[in-house]
Amino acid sequence: MVFRRFGPWSLALGVLIGMGSSTSHANGIKSLTGNVEADFDSSNQDTHVFEVSNNPTDIGQSPWITSNGWVSGWSVKDVRFNYDTTNDTLYVGINNWAGSKGLAPFGQANGDPSGTPTSYDPSHLGYGDPNSDKSFAVLFSSLNPSNSKQPGAPVIIAGVPADKTQNGPGINGFNVSTVDASRADAGLGYMFGKSLIGTGPGSLGGNIAYDPSPSHPQLEFGISNFSKVIDPEKGFWIQLYAGSGLDGVAGETHYVYPIPNLVPQTIPEPTTVLAWAIMAGGVAWRVRSRNRAKA
């Protein structure tokens, strides 16, 4: 049998290592303001940023929009995720590009920072207009066990449907629903199925933070009870769509990407750290005092 001798500071270290069960979310979303880069700060260790485009005009907007110093509100720079373990909520921010004259509200097809609606560019992401197909959709899929380079089975879809009869109870018709794969040929904006937003067993919560406007220009939303449908420890795939097939002045954003483990790094509760540190220090002091007495 082998015996090992541990010094007093090893004991203190062991106490600190052993308190991992008392941890909390370190850097969750403090607030949603409609400013994605501020709310989903890239320096936050729990925020994950995925580039969608490195050129604001990749979307193919009309030349006159560019000449005005505008960038279409459908042109997405990056998408950001932050998962809060405390309330089991996934927060998503869609960071659209700003032009030299300012940031257009998300979904403002012509890029006008004033957000002035037009006949081809209705406000409120087309909410209440049966002739509008304005939409953003984020489809969440599981991992693919047979091909890691492709999404697995679709699980849920969140956003504002292109088919306004599929509107949900949230702002601008925001919905979180099952996926209607039979309408895949029409595009993600048409693939909303049965709404999952509710209070019954297995239901989810969710809404966008604001109707995009000059004062709250960017798209941010949350999905609560997220781990009921997606395991954030395993990762998942997303497919993103933002646009309209009817505005005629700008293209649409399409994006497919695997999202890795989103479980945030944890830190000990401050009060727990202090209590254990005092205890560890006291144990170490007593051991040292006893050794001195023997000497």
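The values are calculated or read from the model by the stated rules, or taken from the named source; none is laboratory data. This one's a predicted model, so the numbers in the text were calculated from it and none came from an experiment. Positions of Cβ are backbone-derived with ideal geometry, glycine not excepted, and every protein chain shown enters the neighbour counts. Just the protein is used for accessible areas: all its heavy atoms, side chains included, with ligands, DNA and RNA removed. Shrake-Rupley method; radii C 1.70, N 1.55, O 1.52, S 1.80 Å.
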Candidate lysines for bridging to Lys149, where Cα separation is under 29 Å - those fewer than 8 sequence places away on the same chain excluded
Lys77, Lys194, Lys228, Lys234
Per-residue SASA entry for His124, accessible area with 1.4 Å probe, Å² rounded to 10
90
At what distance in nm do the modelled label points of Thr33 and Thr178 sit from each other, each positioned 7 Å from its Cα along Cα→Cβ?
4.1
Expected unfolding gain across Glu51-His254 under the 0.36 nm per residue rule, minus the alpha-carbon gap, is 71.9 nm
How high is the relative contact order of the stretch 188-239, in percent, counting Cα pairs under 8 Å that sit 6 or more residues apart?
24
Which of the chymotrypsin sites (Phe, Trp or Tyr not before Pro) across the stretch 75-132 are loop residues per DSSP, with 16 or fewer other Cβ within 10 Å?
Tyr120
About the Cα centre of the stretch 127-263, what is the dipole size in debye to 20, counting +1 per Lys and Arg Cβ and -1 per Asp and Glu Cβ, all else neutral?
340
I'd like the distance separating the alpha-carbon centroids of the stretch 149-193 and the stretch 45-111, in whole Å.
20
